[in-house]
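> Would you mind keeping the following structure in view while I ask a few things?
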Amino acid sequence: MSFHFIASGLPLQDLVFGASIYFPPLFKAVIVGFFIWLMLHHLLRDWMYSGEIWHPTLMDLSLFSLSVSAALVILVVW
């Protein structure tokens, strides 16, 4: 019984495994969520800073967290 070890595909597998460690899905969601937040912030900026909202910075932060959550859902489903 002989065992043939072919190591031609191992560096690519190590690269893919390393990419999943150093570039986790949550970081991908933050990047995609940032672009979603940029679009929403541009659309809602006048309303947020008009004085109708108690604290525009907290609204902006909650909008960013919702954008990251939506991006994570998009990345998981898609």
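> In the range 45-78, whose amide N lies under 19 Å from the spot 7 Å out along Cα-to-Cβ of ILE31? List them in ranges.
From the range 45-78, the list is 65, 67-78.
> Sticking with the crude label model, points 7 Å out along Cα→Cβ, report the distance from SER69 to ARG45 in nm, one decimal please.
2.5 nm
Bear in mind that the values in this text are calculations on the coordinates, not laboratory data. What you see is a predicted model, and the numbers here were worked out from it, not measured in a lab. As a convention, Cβ positions derive from the backbone with ideal geometry for all residues, glycine included, and neighbour counts pool all protein chains shown.
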